[in-house]
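Structure record follows, encoded as structure tokens.
The values are calculated or read from the model by the stated rules, or taken from the named source; none is laboratory data. Predicted, not measured: the structure shown is a model, and the values here were computed from it. So basically every Cβ, Gly included, is an ideal-geometry build from the backbone, and we count neighbours across all protein chains shown.
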Amino acid sequence: MKRTTARSQRRKAPRISRPVVASKHIPKKGVPAASKPARRRSAPKKTAPITVTPELRRRALRVFDGLKEAYPDARCELDFTNALEALVATILAAQCTDARVNMVTPALFKKYPTARDYLNADDEVFKDEIRSTGFFNNKTRAIKTAAKILVEEFSGEMPRTMENLLKLPGVGRKTANVILANIYGIPGVVVDTHMLRLSNRIGFSVQRDADKVEQDMMAIFPESTWIKLSHFIPWHGRRCCTARNPNCNGCPVADDCPKLIE
């Protein structure tokens, strides 16, 4: 009988596999470790503003006249009668259809006729009242904070300048231009999703930033057209030049659309 020694037991013992761990390079003494070069992030592509030429302005006026003929009744499709109502309606319209907002606002406008009324509204009750417009927590916060600033800084009255309107939470240049144009008659270009899309599609801007599109449109179109243009473009965007499957055959300005001319 063969004797089993501790040494032979050690030889026959099964080897236990160990997980492979990536080894780190340890530099020799006095030699600095080679640092891995940081990945360079490409700078955001800068888009040059569109070149405004006499021909571009003439084409812009033809487009304006074509839209005017096609949509003579075009107007802001949010319902409101004063600046405070316009503020509330436009805040509620974020990520929501105008039709849905118009179903919610009549009761709101009747219940909360002043900024102080919105400020004193019960948060949970107000959230329920605007719930169907979506993002009701953020919208409640924006409306009530705006109401607080109106009461404390503007004696409850709506500002009449872009600078002061932009101090209100939930108010960007789009909302401010809606209020200034539709309530106070101060010209401005309202850049909503339709204006953003169609300005690029019809060749009046190559920008994706709303503020830059606003500047392009104001540079191309006469100031006297800005308010009406801000009505015509959304109507055209909803009824004909939709984001998907635009009705190019029925487009009233097809002769001046670069996408079709090409």
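The table for this structure:
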| item | result |
| --- | --- |
| Counted residues, region 90-119 - those being farther than 14 Å from L78 by Cα and either outside any helix (DSSP H, G or I) or small (G, A, S) (or both) | 5 |
| Region 138-192: number of residues that are under 15 Å from I91 (Cα atoms) and of a type in the set (S, T, Y) | 3 |
| Check on A86, under 23 Å from the mean Cα position of the chain (by Cα) and closer than 20 Å to T145 by Cα | yes |
| In region 128-145, residue surrounded by the fewest Cβ atoms within 10 Å (Cβ to Cβ) [restricted to those that are more than 19 Å from the chain's Cα centre (by Cα), within 24 Å of L165 (Cα to Cα) and of a type outside the set (S, T, N, Q)] | K144 |
| Helices (runs of 4 or more DSSP H) enclosed by region 120-208 - at least 2 residues per element that are under 20 Å from R75 (Cβ atoms) | 173-184, 193-201 |
| Residue in region 240-250 that is of a type in the set (K, R) and in contact (Cβ under 8 Å) with a residue 24 or more places away in the chain present | no |
| Tabulated pairs, region 69-81, first closer than 16 Å to V190 by Cα and at pLDDT 95 or above, second assigned to a loop (DSSP other than H, G, I, E, B) and small (G, A, S), C-beta under 9 angstrom, 6+ apart or interchain | L78/A93 |
| Residues (surrounded by fewer than 18 Cβ atoms within 10 Å (Cβ to Cβ) and closer than 14 Å to G66 by Cβ) located in region 236-246 | R239 |
| Test for R62: is it touching a residue at least 24 places away in the same chain (Cβ under 8 Å), surrounded by fewer than 14 Cβ atoms within 10 Å (Cβ to Cβ), charged (D, E, K, R) and out of contact with any Phe, Trp or Tyr (no Cβ under 9 Å at 6 or more places or on another chain) | yes |
| Out of A107, A93, A115, sole residue that is touching a Gly at 6+ places or on another chain (Cβ under 7 Å), closer than 17 Å to E129 by Cα and either buried (at least 18 other Cβ atoms within 10 Å of the Cβ) or touching a residue at least 12 places away in the same chain (Cβ under 8 Å) (or both) | A115 |
| Lone unmet requirement of (1) aliphatic (A, V, I, L, M); (2) more than 15 Å from R197 (Cβ to Cβ); (3) surrounded by fewer than 19 Cβ atoms within 10 Å (Cβ to Cβ) for I220 | (3) |
